Amino acid sequence: MFGIDAAVLMGVLGFVVPPVFHLVKGWFLPDKKDDPESTMSTLATTKPEVLAGYVESLAKYTKSQVEFFNRDVSGVPSQWIVDLRACIRPACAAAGILSLVGEGVARFYVPGMGPLFDPATRGFFTMSVSSWFGGKVLNGN
């Protein structure tokens, strides 16, 4: 029963720890105002002549970041590849949930039964589930 308890604990911690961390971080660390919008605002009031150059360089920088992150995709990928990429993480989380619940049910109904998964596999399933749910909670999706 310890394995399923640890899995449930890790899942709950995946829900609770990130929002608490951001809340505590917000109390003790000041908000960082070094974003492009605040820089453009400052430039508009202090040196409006360099604002156009800053906006142009910021656009080039953003375009280079997009090109870097899309470097493995040449052209537009077909829709089935996009759909496949989108379902990998939820499928891993669903497989993890089913496996952990199945192991817990099997160990509950079969007395003296040992763990079905080794700790690394159980840890992967737990991490996948808690990461996916934690991401859903933080992003609000």
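Just so you know, in the range 50-93 the residues that are at pLDDT 90 or above and of a type in the set (D, E, K, R) include one that is farthest from S130 (Cα to Cα), and it is E56. Of the residues examined, P36 is not one that is surrounded by 12 or more Cβ atoms within 10 Å (Cβ to Cβ), farther than 21 Å from F124 by Cα, out of contact with any Lys or Arg (no Cβ under 8 Å at 6 or more places or on another chain) and touching a residue at least 60 places away in the same chain (Cβ under 8 Å). Which of the residues that make up the range 57-85 are farther than 30 Å from T39 by Cα and assigned to a helix (DSSP H, G or I)? Answer for the range 57-85, where residues must be farther than 30 Å from T39 by Cα and assigned to a helix (DSSP H, G or I): Q79, W80, I81, V82, D83, L84, R85.
For the condition over 25 Å from the mean Cα position of the chain (by Cα) and on the phi > 0 side of the Ramachandran plot, what is the one hit in G75, G104? Result: G75 is the single residue among G75, G104 that is over 25 Å from the mean Cα position of the chain (by Cα) and on the phi > 0 side of the Ramachandran plot.
If the condition is being exposed (fewer than 12 other Cβ atoms within 10 Å of the Cβ) and touching a residue at least 40 places away in the same chain (Cβ under 8 Å), then the range 76-135 contributes only F108. Do we have any residue at all in the range 10-19 that's farther than 30 Å from V105 by Cα and surrounded by 10 or more Cβ atoms within 10 Å (Cβ to Cβ)? Yes.
Taking first residues from the range 1-16 that are in a helix (DSSP H, G or I) and partners that are among the aliphatic types (A, V, I, L, M) and at pLDDT 80 or above, the Cβ contacts under 7 Å between residues at least 6 apart in sequence or on separate chains come to I4/L100; A7/L100; G11/V129.
The values are calculated or read from the model by the stated rules, or taken from the named source; none is laboratory data. For clarity, every value in this text was computed on a predicted model and none was experimentally measured. We place every Cβ from the backbone using ideal geometry, glycine too, and count neighbours over all the protein chains shown.
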